[in-house]
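What follows is calculated from the coordinates using simple rules that are stated; it is not laboratory data. Just so it is clear, the model here is predicted, and its values are computed rather than measured. Virtual Cβ from ideal backbone geometry, glycine too; neighbours counted across all protein chains shown.
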Amino acid sequence: MTLADLEAAVTARAPLPLEAPPLLRALWFDATGDWAHAHAVAQDVHTSEGSWVHAYLHRKEGDLDNAGYWYRQAGRTAASGPLEAEWRAIAAALTSA
């Protein structure tokens with residue numbers, strides 16, 4: 001799946017294929033307004049990428065202390081720019097661009 005595919009699915013609110021990686025599904029859920037489902041998916045992925053998505057979601061929620069913990073787990077500096085830019089950076093890193 002490419003970044004363009006993911007963004008098109010978000011725009012169309014078209015569900016991702018079942019074989020889409022969990023973290024892309026989490027980003028899709030977040031971008032289509034289902035933070036809780038996005039969080040449920042992300043917290044079950046125990047990788048640095050999963051921690052990054054988890055951090056982003058807590059940052060979006062406004063829980064910066066919890067977000068900070070997950071950024072550290074991901075080995076990343078806490079983001080401070082626009083949420084949309086971070087979402088896109090994560091999506092680009094997780095797709096075949």
Nearest-20 debye value, the chain charge dipole, Cβ charges on Lys, Arg, Asp, Glu: 140 debye
Stretchable slack from Ala8 to Ala93, in nm (0.36 nm times residue separation minus alpha-carbon distance): 28.9 nm
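Sort the stretch 31-97 into rounded, prolate or oblate with this rule: let a ≥ b ≥ c be the square roots of the eigenvalues of the Cα gyration tensor; rounded if a/c is under 1.5, and if a/c is not under 1.5, prolate when a/b is larger than b/c, oblate otherwise. All intermediate terms of the calculation are to be shown ahead of the outcome.
Working: a/c = 1.13, a/b = 1.08, b/c = 1.05.
It comes out rounded by the Cα gyration axes.
Tally Lys/Arg at +1 and Asp/Glu at -1 over every other residue whose Cβ is under 13 Å from the Cβ of Gly68; what's the total? All intermediate terms of the calculation are to be shown ahead of the outcome.
Working: positive: Arg59, Arg72, Arg76; negative: Glu61, Asp63, Asp65.
Computed value for this residue: 0.
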By average C-beta atoms within 10 angstrom, highest first, the peptides 79-92, 42-55: 42-55, 79-92
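Calculated from DSSP H runs of 4 or more alone, at -39500 (n - 2.57) each and per residue, what is the 222 nm mean residue ellipticity of the chain, nearest 500?
Values: 6 runs with 65 residues, N = 97.
Helix-only estimate at 222 nm: -20000 deg cm²/dmol.
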Exposure proxy ranking, count of Cβ atoms within 10 Å, fewest first, for Thr95, Thr2: Thr2, Thr95
